[in-house]
Amino acid sequence: MSQDLEQKLWSIASGVPFVSDYFLQASPVRKLKKENLFSKVFETYFLELGSGWGEVAITMALQRRNTGFVLMEKKFDRIRHTIREIEKHSLDNVKILCVNFNWFLADVFEENLFSEILLNFPDPWPKKRHHKKEL
């Protein structure tokens with residue numbers, strides 16, 4: 001990826017039109033570490049790629065309070081919904097990263113941070129024009 005393209009993608013990724021205490025801020029110069037994710041350190045960390053409306057992670061976060069959950073989602077309406085659910089359940093173990101994981105997954109986090117990674121239905125209704133979005 002060219003440096004110019006990478007800068008444009010980071011500019012897009014950092015352009016979230018609202019703020020929340022539940023957001024993690026990605027940076028092109030510094031990877032996120034355990035100590036920077038939450039206000040406390042958890043036993044294990046879980047990453048959900050393309051978290052959608054957040055129902056899977058919210059359910060798991062309620063059951064596993066000693067696990068930190070990081071959700072990567074790029075669609076703002078889904079993020080807003082997930083934030084409302086986090087607030088409704090007063091969860092302190094869920095954070096959201098508003099970034100397209102296809103662009104930045106290897107660049108965002110320190111290595112070996114997550115003990116589990118979940119990718120549910122990455123392309124449930126494949127169409128010919130969707131071949132560019134496949135992992």
For the range 33-76, the count of residues that are exposed (fewer than 15 other Cβ atoms within 10 Å of the Cβ), closer than 14 Å to Leu113 by Cβ and not charged (D, E, K, R) equals 3
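Where in the range 21-135 are there helices (runs of 4 or more DSSP H), lying wholly inside it, with at least 1 residues that are at pLDDT below 95 and within 22 Å of Lys8 (Cα to Cα)?
Passing ranges, in order: 76-88, 101-108.
How many residues are surrounded by 14 or more Cβ atoms within 10 Å (Cβ to Cβ) and modelled with pLDDT of 80 or more when one looks only at the range 1-20?
Taking the range 1-20 and keeping what is surrounded by 14 or more Cβ atoms within 10 Å (Cβ to Cβ), we get 6, 9-10, 13, 16, 20.
Next, from what is left, pick out any that are modelled with pLDDT of 80 or more: 20.
Summing the residues that are surrounded by 14 or more Cβ atoms within 10 Å (Cβ to Cβ) and modelled with pLDDT of 80 or more in the range 1-20 gives 1.
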Can you list residue pairs whose Cβ atoms sit under 7 Å apart, with the first residue in the range 107-130 being of a type in the set (D, E, K, R) and the second being modelled with pLDDT of 80 or more and loosely packed, with under 13 Cβ neighbours inside 10 Å? Count only pairs 6 or more apart in sequence or on different chains. Glu110/Lys33
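The values are calculated or read from the model by the stated rules, or taken from the named source; none is laboratory data. The model shown is predicted, which means the values in this text are computed figures rather than measured ones. Cβ coordinates were reconstructed from backbone atoms using ideal geometry, including for glycine residues, and neighbour counts include every protein chain displayed.
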